[in-house]
Amino acid sequence: MKKHLLPSLMLTIVFVVICGGLYPLLISGISKFVPGSGKGETLMVNGKVVGYANEGQKFTLDKYFWSRPSAVGYNAAGSGGSNKGPSDSAYLKQVQANIDTFMVHNPTVKKEDIPADLVTASGSGLDPDISVQGALIQVNRIAKERKLAPEQMLALVNAHVEKPLLGMFGPEKVNVLKLNIVLDELKK
Amino acid sequence: MNTELSGVILTFLLTVLLAYPLGMYIAKVFSGERTILDFMKPVERLIYRISGVNPSEGMDWKQFLKAMLTINLLWFVYAFFMFLFQGHLPLNPDGNPDMTPDLSFNSAVSFITNTNWQNYSGETGVTYLTQLFVITFLQFVSAATGIACLVAMFNGLKHKTTNNLGNFWQILTVTTTRILLPICIVIAVLLSFNGTPASYDGKDAFIGLQGDTVQVSRGPAAGMIAIKHLGTNGGGWYNANSAHPLENPNYFTNMLEVIAQVLIPMSLLFALGFYIKRRKFANVIFGIMTLGMLCLVIPTIITEIHGNPEIARMGISQATGAMEGKEVRFGPAASGYWSIVTTIISTGSVNSMHDSSMALSGLMQMLGMLVNGFYGGCGVGFLNYFIYIIIAVFISGLMVGRTPEFMGHKVEAREVKIAALVTLLSAFIIKGGLAIACYTLLHYSNADWAFKPSGWLNNSGFHGFSEMMYAVTSANANNGSAFAGLTGNNIFWNALLGIAIILGRYLPIIGPIAIIGLMAKKKYVPDSAGTLKVDSITFGAMTFGVILIITALSYFPPLVLGPIAEYLSMHH
């Protein structure tokens, strides 16, 4: 044991310095050259930060595209999911309530067209995206609220569909914050 | 074809494609041949000089284990006190508090053992100092510890008769400087270019479009997220782990992270083949492990894409699959694939909340951790598989009625006894721990504790039982993923899981190293007509059979009470 203690101690010190000190410093230094310089990429409106490109935020007003439900209320300083199992009765009531709320605000939508992502909470509570279907079924509501032509809104959504990686891998999606920022600019 | 499925298939193919040459490289590193990273030699020589290590001094299996355990004990003491006083130490821009003693114990144990079970939230429970100087550091060296122990086994298998399993400190050092650090730098840079933060700034705040004030946790996360996957650690920078959009910003990073976690376990198999010059042996094992993985992955992906039957009954579309606890940018296929990879590999990072997976997927995730040897964690995965091999060798020997040999060494009573004990140990820890938890919940649910057991579970019925079973299974397997609805930050769970983690880490390392040490000392028996052909497909299938039987016999009853009962109740 004694024979092992000194090398162990010195190796520990060396690797704490290398792995805990130098390595993150190196990565931090390199990240100064990426968009957002390693602090996270932000989106601006009129010179003010209104959000992080990768992080979802709460949208509940009828004039905006809604984000997905969040178990943590889109608290970007405390992420998390609902951790509800698929058969829990309280959870299923919550989903039913989400469906009902959506139907009330979107009377023209048929229930069987609502995609599951719009009424279930994401894993992080900060999901920046919704499915394409999830955006399309909100078009009528927003067009009415903003007094815009539904065709114009449809074109807007389609222009904001993010294709799978290289067109071949992974799901299609729509970034809600980016879409809503453009929506606000449309009005002017 | 469906873009989600093609994404999963591409991910797996890329993993194999990268693991093969990496395996070749790793074999070269440990046999001291020339590699492209030889420019690290002066750094390594400096490390040996500072530490007073003679890298060419061999160790027998007892010395090797003593060196490993001593340094691990030291890391525990260091980590425990750092967590305990982190609130009073520098690099804490968000002003996060000290950990309680029981949480410090649990966290320290969790990170020195490559488990990364987290009973705290990354945003509020740790500081940048502990994230980097404790957690990131331990993610490197705990992975290197596992790999070093496997290399000791390689050395035992390579030589006909030997006492020398290599020098623990030397292997630990080169694993870090030649394998983990260089690859991590590449991964971390790719992550930061895709939006993962890497600067030391604290929380940010802004006013969103709807007028809500939002606080955003950030920090030097990219480096930690790289080693968290490459080292099969799994502990997240943020609470939501790799479901968090800063920790895993897009489909590309998702592929990168899930490839990174399989990379070393898989390449170590190939390295074994090159190192001991038995390529076929390694290839057959690779085949069996891949088969095992597919048996778990395929049902999981199908179930998740199919969606939640209870929600289908409400009459909405299931075109995007089961989405509770999942992120739109990954979808159900990539989330299902990840959930199995992270449970068979012992990583335990998540890109979706396993607690919200379908019942069948939950069953597959638990099976992945119960077997804990399909690829498995850095180094330890093969050590676990080796135990199954020894049992298979023993049973084969019984069938033909002669003392069996494994690679020219007799496998006798002592070795088989150790293997049997290690096998029984897992069942004992998991079912014993689960029994204590259930008993406490049933009889002391309103006990006068700081946190009452009645508040432990987030789900009712069978799924609540699954939450507890998942926790002890994850602890024993040193996995670290959770059915995270379980409230784990209280003395009961901090202590129970901490103890399960310690037993589940060190005994399954000590056992195989002891076996290989004992075997390697024996006289070499050359191959004859009666020798068991361990590199045949027949023997591979035999091992697979042993895994099936042991797992089914040990864990069928609790699995029936949890995920299987839930599945049946949903599909009545």
Requested in this report: Give the angle, between 0 and 90 degrees and rounded to the nearest 10, that separates the Cα long axis of helix B:461-476 from the longest principal axis of the Cα atoms of chain B.
Outcome: 40
Query - Per DSSP, loop trypsin sites (Lys or Arg not before Pro) in the range B:412-503 with at most 10 further Cβ within 10 Å - result: none
Report summary line: Loop-resident trypsin sites (Lys or Arg not before Pro) in the range B:303-384 with no more than 13 other Cβ atoms inside 10 Å, DSSP not H/G/I/E/B, are B:Arg313
Query - Cα-based shape type of the range B:226-285, given that a ≥ b ≥ c are square roots of the gyration tensor eigenvalues and the cut on a/c is 1.5 - result: prolate
Report task. Work out the FRET efficiency for B:Lys523 and B:Met24 from their Cβ-Cβ distance, taking R0 = 35 Å, and round it to the nearest 0.05. Result -> 0.65
Query raised in the report: So what is log10(I(q)/I(0)) for chain B at q = 0.07, 0.09, 0.12 1/Å, when the Debye sum runs over its Cα atoms only?
Result: -0.39, -0.66, -1.20
**Report entry** Helix-only [θ]222 nm of chain B, DSSP H runs n ≥ 4, -39500 (n - 2.57) each, per residue, nearest 500
**Finding:** -20000 deg cm²/dmol
Query - Low-density loop positions, trypsin sites (Lys or Arg not before Pro), the range B:26-91 - DSSP coil, at most 16 other Cβ in 10 Å - result: B:Arg34
Query raised in the report: What is the Cα centroid distance between the range B:1-66 and the range B:530-568, reported in whole angstrom?
Result: 30
Report task. Summarise the long-distance tail of P(r) for the protein assembly as shown by giving the % of C-alpha pairs beyond 42 Å. Result -> 27
Report summary line: Proxy exposure order for A:His105, A:His4 (fewest C-beta within 10 Å first) is A:His105, A:His4
Report task. Using Cα positions and a limit of under 22 Å, work out the lysines in reach of A:Lys58, with same-chain residues fewer than 8 apart set aside. Result -> A:Lys39, A:Lys48, A:Lys84, A:Lys93, A:Lys144, A:Lys173, A:Lys178, A:Lys187, B:Lys203, B:Lys326
**Report entry** Three-way shape label, the range B:325-443, alpha-carbon gyration tensor, a/c 1.5
**Finding:** oblate
Query raised in the report: For the range B:4-118, what mean projected area does the convex hull of the alpha carbons give, in nm²?
Result: 12.5
Report task. Could you work out how far the C-alpha centroid of the range A:109-151 sits from that of the range B:141-160, in angstrom? Result -> 53
Report summary line: Here the gain from full extension of B:Ser6 to B:Tyr506, 0.36 nm per residue of separation minus their alpha-carbon distance, amounts to 176.1 nm
**Report entry** Crossing angle, helix B:41-51 versus chain B [Cα axis fit, 0-90 degrees, rounded to tens]
**Finding:** 90
Query raised in the report: Against the longest principal axis of chain B, how steep is helix B:359-371, in degrees 0 to 90 to the nearest 10, with axes from Cα atoms?
Result: 30
Query raised in the report: So what is the calculated 222 nm ellipticity per residue for chain A, using -39500 (n - 2.57) for each DSSP H run with n of 4 or more, over all residues, to the nearest 500 deg cm²/dmol?
Result: -12000 deg cm²/dmol
Query raised in the report: Going by how many other Cβ atoms sit within 10 Å of their own, how do B:Phe374, B:Phe406, B:Phe76, B:Phe483 line up, fewest first?
Result: B:Phe76, B:Phe406, B:Phe374, B:Phe483
Query raised in the report: Taking square-rooted eigenvalues a ≥ b ≥ c of the alpha carbon gyration tensor, is chain A rounded, prolate or oblate, where a/c under 1.5 means rounded and, failing that, a/b exceeding b/c means prolate?
Result: prolate
Requested in this report: Sort A:Cys19, B:Cys295 so that the residue with the fewest other Cβ atoms within 10 Å of its own Cβ comes first and the one with the most comes last.
Outcome: B:Cys295, A:Cys19
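Read-outs: derived from the displayed coordinates by stated rules, not from any lab. This structure is a prediction, so every number in the text was calculated from the model and none was measured. Every residue, glycine among them, receives a Cβ derived from its backbone with ideal geometry; neighbour counts consider all protein chains shown.
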